[in-house]
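Notes follow the structure.
Read the figures in this text as sums done on the coordinates, not as results from a lab. These numbers come from a predicted model, not from an experiment. FYI the Cβ positions are ideal-geometry reconstructions off the backbone, even for glycines, and counts take in every protein chain you see.
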């Protein structure tokens, strides 16, 4: 079946298998930030933004993105020019193995899109569906709060 959607601002017109998981399609398209973790929606490693909302791409099939906008962390910044949120993760030491980082960044991006002054508890609630086995979450919360401060100060794009 044919599906048309926007991926990171670029129109896509693709033939897909009706049962192809969205995570598999995105990986096939080169989106390496979208990780295949649990395949049950529990770990958050496959998180993407769908029309601006964080979703688990392992729980969706490719045809569900018809006419919609999919955003992966690749759209935020690059190694040479990271988004301020990505920079905050680096500066706060919130990146260790990196497996959870793209999903964490996207749920934080969604949170900061609607609340640029979250409390630590609000950050913890936002990231609750994303598992990290390295950091213990303290530095991740610190990174999101740092990015929020930068956003309030106008250091956000």
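Listed by Cβ neighbour count within 10 Å, with the fewest neighbours leading, 156, 150 appear as 156, 150. With only Cα atoms counted, segment 84-152 has Rg and Dmax values of 10.4, 30 Å.
Relative to the longest principal axis of the Cα atoms of the chain, the long axis of helix 101-114 makes an angle of roughly 80 degrees. Two numbers describe the Cα atoms of the chain: Rg and Dmax, which are 15.3, 47 Å. The length gained on full extension between residue 38 and residue 117, counted as 0.36 nm times the residue separation minus their Cα-Cα distance, comes to 25.3 nm. Per residue, the chain reaches -10000 deg cm²/dmol at 222 nm when only DSSP H runs of four or more residues are counted, each adding -39500 (n - 2.57).
Axis angle, to the nearest 10 degrees, between helix 138-152 and the longest C-alpha principal axis of the chain: 90 degrees. Taking a ≥ b ≥ c as the square roots of the eigenvalues of the alpha carbon gyration tensor, segment 1-82 is oblate, as a/c is not under 1.5 and a/b does not beat b/c. Here 137, 13, 109 are placed in order of increasing Cβ neighbour count within 10 Å, fewest first, which gives 13, 137, 109.
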